[in-house]
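Note sheet for the following structure.
The values are calculated or read from the model by the stated rules, or taken from the named source; none is laboratory data. These numbers were taken from a predicted model, which means no experiment stands behind them. Neighbour counts are summed over all protein chains in view; Cβ atoms, including those assigned to glycine, are modelled from backbone coordinates with ideal geometry. Accessible surface areas use protein heavy atoms only, side chains included; no ligands, DNA or RNA. Shrake-Rupley method; radii C 1.70, N 1.55, O 1.52, S 1.80 Å.
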Number of protein chains: 2
Amino acid sequence: MLTLQLNEFSLEDFLANYWQQKPVLIRQGFPGWQDLISPDELAGLACEPQIESRLICQRAGQWQAQNGPFEQYAHLGERDWTLVVQAVDHWSPEVAALVQAFAFIPQWRFDDVMISYAVPGGGVGPHIDLYDVFICQGSGRRRWRVGERGPHRQFVAHACLLHTDPFEPVIDAELTAGDILYIPPGFPHDGVTLEHSMSFSVGFRSKSARDMVSGLADYLIDHELGTGLIHDPGRPRQPHPGQINASDFGLIRQQMQAVLSDAALMADFTGTMLSVTKCELDLQALEWPLNSAELLSRLQQAALVRTGGLRCLYLQENIAQGICYIDGEKYVFSAGCVPALMNLCDQNRIDAVLLGEALQDMDFVEALLGWVNQGYWYFDE
Amino acid sequence: MLTLQLNEFSLEDFLANYWQQKPVLIRQGFPGWQDLISPDELAGLACEPQIESRLICQRAGQWQAQNGPFEQYAHLGERDWTLVVQAVDHWSPEVAALVQAFAFIPQWRFDDVMISYAVPGGGVGPHIDLYDVFICQGSGRRRWRVGERGPHRQFVAHACLLHTDPFEPVIDAELTAGDILYIPPGFPHDGVTLEHSMSFSVGFRSKSARDMVSGLADYLIDHELGTGLIHDPGRPRQPHPGQINASDFGLIRQQMQAVLSDAALMADFTGTMLSVTKCELDLQALEWPLNSAELLSRLQQAALVRTGGLRCLYLQENIAQGICYIDGEKYVFSAGCVPALMNLCDQNRIDAVLLGEALQDMDFVEALLGWVNQGYWYFDE
Ligand SMILES: O=C(O)CCC(=O)C(=O)O
Ligand SMILES: O=C(O)CCC(=O)C(=O)O
Ligand SMILES: [Co+2]
Ligand SMILES: [Co+2]
């Protein structure tokens, strides 16, 4: 497993002074870096219709951008283009493992690993993101410039390319393999490739209030909750039929407030909503499904690895009740399974030791069997 | 205008002891009742594709139901069928005026006026509603039975017909023209027509928490609100990547709570959401649009009537700021317009006196001109 080396500063220092606050260059965060995927493999992924990708190039100073899937790259030439592929952690176990190096930020904040391959002069152009990103430089060299947070103008440079005006850099550095550039939301940045190069962007995002309220609405509908109507017996005679008076407005707000004040409902909603995957999983269902005896016996020899992009969460709020949330679903097991559930959610790899006494719980084994047979976890052999 | 006569009890008595609590028969609530629409006109409305209607009949003890629009009724015979048309207040000014008689219940609680025409033996069958209804008996006689609130089984008697099991009546009465039966949500009821008869159901509904949360999500999206992301600088190192810890769960809940705690946002959301019409309005835009001088001069001679089904609301919370909500839109006028806005929302009919000094406010006159030219209000001449 890759281990992040912070060298000059500690993780505590990074979290206290940089995370969400200011950009920082971490030289040789991954010493001895080896690319986790080859340019050819990346180009191959960008040919798949279910994978989100973009080709960005500059032709005579004009930005051009095109969404994948792509059929060929031969026409692109030697300069000034880059291929960007989203959520590669869903398709490559090696790339999924990179996320572990950033596990000091909780999983519910994680978005995806985006990878770019660029030829000299290539880059996506100066832009601002809504997310926190660790841009891990792979092979090749790239010059990165990062500006101050501020009221930078944004404009559509091409159909799927939102750019920002030129900015004064506060960081201006050449990155080589193993260097990491951390950029919080709102800081303009621009990376121009000096030689054929790969970048691995580990991105973290939080949801907006709007996303959460939309998600809550869907959650209430899917789970047939919040169906009660306002009950208003004993209402006084209304002198103003067109008015929503203070007491009625209070009833209306109270009805919605009751949903948000329901800690158990909000825990279930939060767990299910935040464990929904960003996009399709690369599930490899077993051709010959196991039965539980076979599962238990194989677990004596091998560990299970979580499929890249699968989200498994638990809440401090209700884990003691044996509750966890996997891929947008709530699961409830007996209290004896709690340590196993925590390991299942905390670790990318689990084995018989980490699952412990949960392997004696038939409900848990049954659920695990379903997950393994469907490919949510696979044996690492 | 029709005036409700409560005879034996006062309106205060009705609101304190019956509204949302128990069913009650109001004998001769509308003495000298005359049908507000003829069976032929009702049958005509049910031929329109934009109007929701149903035909319900019993054939050999089997319930049958069909949604409109209908082309003919000749095949139906002399017995055991009823035609039900929704939201007739949207299409008939006389029916819209009936709602005024129930203006002691605020407009935001109002749903629609549903009208049925039935031949002997006809009825929709025993059922339970989610709304409060005043069933006003028109011409003809109908026997109504109402049971106790309770855990009555509900079942699908036919594709669009949800029935309930037979029940013990607490009210069993024959209604004649002018009688009114009030039924709160949850009380099973069954009306069987004794002779050709018309029923006018003035229905009141409140929204569920689910409807409100869905509406809020749409409101945030339409108005580009709630876009801020969770900001979590200074987070401690997370020992459990799969956990949403208590402090993060707090941040997530707080982000949504901030929306519900924003009184101004919630007032605007409530006003816009609850002023959306139930279904299409019968807007008759003026063929020769007026200019403001013409509008003001015509207002000296004639009153303006609100198109049936149009919802106009204001909140005690923010009316002093000149804010009102019409047909799902927020309007803001100067403080001098407040009395006019209240009349506009409270009254079905407004004239130059009720609009008062707002007619000197050019913004208000401009808005009123737009509403009149589009047909939201029309001159009563
Ligand atoms: O890899 C690139 O060219 C762009 C990376 C980037 O801007 C990001 O990850 O935010
Ligand atoms: O008019 C009818 O036949 C049915 C009326 C009714 O059940 C209601 O308005 O709730
Ligand atoms: Co970026
Ligand atoms: Co009913």
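Condition (residue is in contact with a strand residue (DSSP E or B) (Cβ under 6 Å, 6 or more places away or on another chain) and part of a loop (DSSP other than H, G, I, E, B)) applied to segment B:236-249: is it met by at least one residue?
Among the residues of segment B:236-249, at least one is in contact with a strand residue (DSSP E or B) (Cβ under 6 Å, 6 or more places away or on another chain) and part of a loop (DSSP other than H, G, I, E, B), which makes the answer yes.
Scan segment B:278-292 and tell me whether some residue there is assigned to a helix (DSSP H, G or I) and more than 7 Å from every other protein chain (Cβ to nearest Cβ). Even if it seems obvious, please write down each step before you answer.
If we filter segment B:278-292 for residues that are assigned to a helix (DSSP H, G or I), which is where we start, we get B:292.
Those still in the list that are more than 7 Å from every other protein chain (Cβ to nearest Cβ) too: B:292.
Within segment B:278-292 (the criterion being assigned to a helix (DSSP H, G or I) and more than 7 Å from every other protein chain (Cβ to nearest Cβ)), the answer is yes, since at least one residue qualifies.
Quick one: in segment B:224-234, which of the residues that are part of a loop (DSSP other than H, G, I, E, B) and free of Cβ contacts under 8 Å to residues at least 12 places away in the same chain is farthest from A:LEU313 (Cα to Cα)?
Narrowing segment B:224-234 to residues part of a loop (DSSP other than H, G, I, E, B): B:224-228, B:230-234.
If we keep only those that are free of Cβ contacts under 8 Å to residues at least 12 places away in the same chain too, we end up with B:224, B:227, B:231, B:233-234.
Working: B:GLU224: 30, B:THR227: 24, B:HIS231: 20, B:PRO233: 21, B:GLY234: 22 Å.
Applying the filter and picking the extreme gives B:GLU224.
Could you tell me whether any residue of segment A:221-230 is open to solvent by less than 20 Å² (accessible area, probe 1.4 Å) and either within 16 Å of ligand 2 (Cβ to nearest atom) or more than 20 Å from B:LEU220 (Cβ to Cβ) (or both)? Give the steps one after another, and end with the answer.
Start the filter on segment A:221-230 by keeping residues that are open to solvent by less than 20 Å² (accessible area, probe 1.4 Å), which leaves A:230.
Applying the additional criterion that residues be either within 16 Å of ligand 2 (Cβ to nearest atom) or more than 20 Å from B:LEU220 (Cβ to Cβ) (or both) yields A:230.
Looking through segment A:221-230, at least one residue is open to solvent by less than 20 Å² (accessible area, probe 1.4 Å) and either within 16 Å of ligand 2 (Cβ to nearest atom) or more than 20 Å from B:LEU220 (Cβ to Cβ) (or both).
Any idea which residue in segment A:113-132 is nearest to ligand 4 (Cβ to nearest atom), counting only those that are within 14 Å of another protein chain (Cβ to nearest Cβ) and assigned to a loop (DSSP other than H, G, I, E, B)? Explain how you work it out, then say what you get.
Looking only at segment A:113-132, we keep the residues that are within 14 Å of another protein chain (Cβ to nearest Cβ), and these are A:128-132.
If we keep only those that are assigned to a loop (DSSP other than H, G, I, E, B) as well, we get A:128-131.
Values: A:ILE128: 57, A:ASP129: 55, A:LEU130: 50, A:TYR131: 52 Å.
The selected residue is A:LEU130.
Mind listing whichever residues of segment B:237-272 are within 7 Å of chain A (Cβ to nearest Cβ) and loosely packed, with under 13 Cβ neighbours inside 10 Å?
Once the filter is applied, which keeps residues that are within 7 Å of chain A (Cβ to nearest Cβ) and loosely packed, with under 13 Cβ neighbours inside 10 Å, segment B:237-272 yields only B:ALA246.
Those residues that are of a type in the set (A, V, I, L, M) and near ligand 1 (Cβ under 10 Å from one of its atoms), I need them from segment A:169-205; list them, please. Before the answer, list the steps.
Going through segment A:169-205, the residues of a type in the set (A, V, I, L, M) turn out to be A:170-171, A:173, A:175, A:177, A:180-181, A:183, A:192, A:194, A:198, A:202.
Answer for segment A:169-205, where residues must be of a type in the set (A, V, I, L, M) and near ligand 1 (Cβ under 10 Å from one of its atoms): A:LEU181, A:ILE183, A:VAL192, A:MET198, A:VAL202.
Yes or no: segment B:170-187 includes at least one residue that is within 14 Å of another protein chain (Cβ to nearest Cβ), charged (D, E, K, R) and more than 15 Å from ligand 2 (Cβ to nearest atom).
no
Restricting to segment B:43-95, give me the number of residues that are in a helix (DSSP H, G or I), away from ligand 4 (no atom under 16 Å from the Cβ) and buried (at least 22 other Cβ atoms within 10 Å of the Cβ).
Step one: filter segment B:43-95 for residues in a helix (DSSP H, G or I), giving B:43-45, B:74-76, B:88-90, B:93-95.
Next, from what is left, pick out any that are away from ligand 4 (no atom under 16 Å from the Cβ): B:43-45, B:74-76, B:89-90, B:93-95.
This time we only want the ones that are buried (at least 22 other Cβ atoms within 10 Å of the Cβ), so: B:45, B:89-90, B:95.
Final tally of qualifying residues: 4.
Anything in segment B:282-295 that is within 31 Å of the chain's Cα centre (by Cα), touching a residue at least 40 places away in the same chain (Cβ under 8 Å) and open to solvent by 20 Å² or more (accessible area, probe 1.4 Å)? List them, or say none.
Listed by number, the residues that qualify are B:ASP282, B:LEU283, B:GLN284, B:ALA285, B:LEU286, B:PRO289, B:LEU290.
Of everything in segment B:133-145 that's crowded, with 22+ Cβ neighbours inside 10 Å and either more than 9 Å from ligand 2 (Cβ to nearest atom) or over 17 Å from B:GLN86 (Cβ atoms) (or both), which residue is nearest to the other protein chains (Cβ to nearest Cβ)?
Among residues in segment B:133-145 that are crowded, with 22+ Cβ neighbours inside 10 Å and either more than 9 Å from ligand 2 (Cβ to nearest atom) or over 17 Å from B:GLN86 (Cβ atoms) (or both), the one nearest to the other protein chains (Cβ to nearest Cβ) is B:CYS136.
Which number in (1) in contact (Cβ under 8 Å) with a residue 12 or more places away in the chain; (2) open to solvent by 10 Å² or more (accessible area, probe 1.4 Å); (3) under 30 Å from A:VAL99 (Cβ atoms); (4) within 7 Å of another protein chain (Cβ to nearest Cβ) marks the one condition that A:LEU216 misses?
(2)
Report, by residue number, each residue of segment B:240-279 that is closer than 16 Å to B:ASN318 by Cα and free of Cβ contacts under 8 Å to residues at least 12 places away in the same chain.
Let us first name the residues in segment B:240-279 that are closer than 16 Å to B:ASN318 by Cα, namely B:261-275.
Scanning segment B:240-279 gives B:SER261, B:ASP262, B:MET266.
Open to solvent by less than 20 Å² (accessible area, probe 1.4 Å) and within 14 Å of chain A (Cβ to nearest Cβ): is that true of B:TYR314 in this structure?
Values: open to solvent by less than 20 Å² (accessible area, probe 1.4 Å): yes; within 14 Å of chain A (Cβ to nearest Cβ): yes.
Here the answer is yes, as B:TYR314 does meet what is asked.
Can you find a residue in segment A:97-109 that is in contact with a strand residue (DSSP E or B) (Cβ under 9 Å, 6 or more places away or on another chain), away from chain B (no Cβ under 14 Å) and open to solvent by less than 10 Å² (accessible area, probe 1.4 Å)?
No, segment A:97-109 contains no residue that is in contact with a strand residue (DSSP E or B) (Cβ under 9 Å, 6 or more places away or on another chain), away from chain B (no Cβ under 14 Å) and open to solvent by less than 10 Å² (accessible area, probe 1.4 Å).
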